[in-house]
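Structure first, then comments.
The values are calculated or read from the model by the stated rules, or taken from the named source; none is laboratory data. Since the structure is predicted, the reported quantities are computational estimates derived from the model, not experimental observations. Cβ coordinates were reconstructed from backbone atoms using ideal geometry, including for glycine residues, and neighbour counts include every protein chain displayed. The area values use the complete protein model at the heavy-atom level, side chains included, leaving out ligands, DNA and RNA. Shrake-Rupley method; radii C 1.70, N 1.55, O 1.52, S 1.80 Å.
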Amino acid sequence: MRELSLHILDIVQNSISADATLISIYINEDIEGDRLTIKIGDNGRGIPEDKLMHITDPFYTTRKTREVGLGLALFAQAARRCEGDLQVDSGVGEGTVVTAFFSYSHIDRPPMGDIKGTLISLIALNPGIDFMYKHIYGGKKFFLDTREIKRELQGIEINQNEVLGWLRGYISEALEDLYGGEG
Amino acid sequence: MKSLEELKKLREELQKEMLARNSKGKTKIVIGMGTCGIAAGAREVLQAVLQEIEKRKLDVVVSQTGCIGMCEKEPLLDVQLPGKDRITYGNVTKEDVQRIIVEHVINGNIVEDLVVARLEEGGE
Ligand SMILES: Nc1ncnc2c1ncn2[C@@H]1O[C@H](COP(=O)(O)OP(=O)(O)O)[C@@H](O)[C@H]1O
Ligand SMILES: [Mg+2]
């Protein structure tokens, strides 16, 4: 995949398929430490131990529509290409955490890309799921929690046109602050 | 604590039901969000769909599906008008989205040259 934000969108699809109701996305761009960490956690059904060890194997999937499972394998490959790695922690009934890290300055590291597009896609298509987003860039932080937004909306659907429009603007500004800001 | 958990579950079920009820009689758009779809540009197609809906103030339900085994035809986008066949468009680009929205969703005419599959109404 061309962008890390596309990997994130894809890995979150696994959480959605596992019937998660709360999904957290954590990104830490630690420039000084030259390390990029991406962590995706969910409260879905989890992965049985015997399956866990095959999980980043490109030929492993529990889907029936295609022979190969690719998402985790692709993400792991991207990380390993950049002096990084990917780890999956999970237990049945305990949810799943996928953690990938990259050497930040590695020449092969894909760009973050359109994080806003990824977040808007997730929220627009999954109004019933809650997302917690935490993004750190060089020590500055951006948090977003759809539960807080829903509380403010008082019953109005989070994926209505107008609300999505507002969210787009809100996320744009927050990311501009994070990346540019006063720095 | 236990009962709060149960309440949460109940709320989620009710929300799902509400969603299903609200979507009855509305036009549906479904985007393929499997790995193959995402790699092929599903996110950009979805953004274009959302923006058209917002711009034209359409009352459309947008949802997602996983890999349906037509990976080489991704991004896939289905349109189903109320009571009509479910039409699957393949290799959809951002530019195609506007055509599909205007010709099919608004005017009710299927964009034949982009169709890759067709599911009869009620055949899900
Ligand atoms: N968050 C998760 N919760 C439960 N199971 C998961 C999760 N992530 C991955 N899996 C399991 O690992 C398999 C492989 O995932 P992946 O590499 O993304 O391929 P695919 O999604 O195409 O099957 C999935 O089919 C699923 O069984
Ligand atoms: Mg997957």
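Considering only DSSP beta bridges with both partners in chain B, what is the antiparallel share in %, to the nearest 5?
Of all bridge pairs located within chain B, approximately 65 percent are antiparallel.
Under the definition of partner shielding as Cβ atoms of other protein chains within 10 Å of a residue Cβ, what is the mean value for peptide B:27-40?
5
Please list, in order along region A:134-149, the HN-Hα scalar couplings obtained from phi with the Karplus expression 6.51 cos²θ - 1.76 cosθ + 1.60 (θ = phi - 60°), rounded to whole Hz, x for Gly and Pro.
Taking θ as phi minus 60°, the curve returns 9, 10, 10, 9, x, x, 7, 10, 10, 10, 9, 9, 5, 5, 5, 5 Hz for region A:134-149.
To the nearest 10 square angstrom, what accessible area does A:Tyr104 show with a 1.4 Å probe?
Taking all protein chains as shown, A:Tyr104 has close to 40 Å².
Can you list the residues, at least 5 places off or on another chain, whose amide H is less than 5 Å from the amide H of A:Met112, using H built in the peptide plane?
Result for A:Met112 returns A:Leu4.
Beyond 29 Å between alpha-carbons counts as too far, so tell me which of A:Lys134/B:Lys24; A:Lys141/B:Lys9; A:Lys51/B:Lys24; A:Lys39/A:Lys150 fall in that bin.
Violating the 29 Å limit, Cα to Cα: A:Lys134/B:Lys24; A:Lys141/B:Lys9; A:Lys51/B:Lys24.
Can you return the aspartates and glutamates within cross-link range of B:Lys57? Criterion is Cα-Cα under 13 Å, with same-chain partners fewer than 8 residues away left out.
A:Glu162
Let me check something: with ligands and nucleic acids excluded, how do A:Glu162, B:Glu12 order by accessible area (1.4 Å probe), largest to smallest?
The residues order as A:Glu162, B:Glu12, largest area first.
Return the whole-Å distance between the Cα centroid of region B:7-74 and the Cα centroid of region A:85-162.
18
For a Förster distance of 35 Å, can you work out the FRET efficiency between the beta-carbons of B:Lys28 and A:Tyr170, rounded to the nearest 0.05?
So the FRET efficiency works out to roughly 0.80.
Can you spot the lysines whose alpha carbon is less than 22 Å from B:Lys73's alpha carbon? Ignore those fewer than 8 places along the same chain.
Within the straight-line limit of under 22 Å, B:Lys73 reaches these lysines: A:Lys64, B:Lys28, B:Lys94.
With θ set to phi - 60° and the Karplus curve 6.51 cos²θ - 1.76 cosθ + 1.60, what are the ³J(HN,Hα) couplings of region B:100-116 in order, to the nearest whole Hz, using x for Gly and Pro?
Result, rounded to whole Hz: 4, 5, 5, 6, 8, 5, 8, 9, x, 9, 5, 8, 4, 5, 10, 6, 10.
Ignoring ligands, DNA and RNA, how do B:Met33, A:Met53, B:Met70 rank by accessible area with a 1.4 Å probe, largest first?
Largest to smallest exposure gives the sequence A:Met53, B:Met70, B:Met33.
On the full set of protein chains, 1.4 Å probe, figure out the accessible area of A:Ser172 and give it in Å² to the nearest 10.
Using a 1.4 Å probe on the heavy atoms, I get roughly 40 Å².
Using the Karplus curve 6.51 cos²θ - 1.76 cosθ + 1.60 with θ = phi - 60°, what ³J(HN,Hα) values do you get for each residue of region A:35-52, in whole Hz, with x for Gly and Pro?
9, 10, 10, 10, 10, 10, x, 8, 10, x, 6, x, 10, x, 4, 5, 8, 4
Take A:Asp50, B:Asp78, A:Asp57 and sort them by solvent-accessible surface of the protein heavy atoms, 1.4 Å probe, largest at the top.
The ranking, largest first, comes out as A:Asp50, A:Asp57, B:Asp78.
If I build a Gaussian network model for chain A, linking alpha-carbon pairs within less than 10 angstrom, which residue out of A:Ile149, A:Ile120, A:Ile25 has the largest mean-square fluctuation?
Of the options given, A:Ile149 has the highest mean-square fluctuation.
Could you check what % of the DSSP bridge pairs in the protein assembly as shown are antiparallel, to the nearest 5?
DSSP beta bridges in the protein assembly as shown are roughly 75 percent antiparallel.
Where does the protein assembly as shown land at 222 nm, in deg cm²/dmol rounded to the nearest 500, when only DSSP H runs of n ≥ 4 count, each adding -39500 (n - 2.57), divided by all residues?
Per the formula, -11500 deg cm²/dmol.
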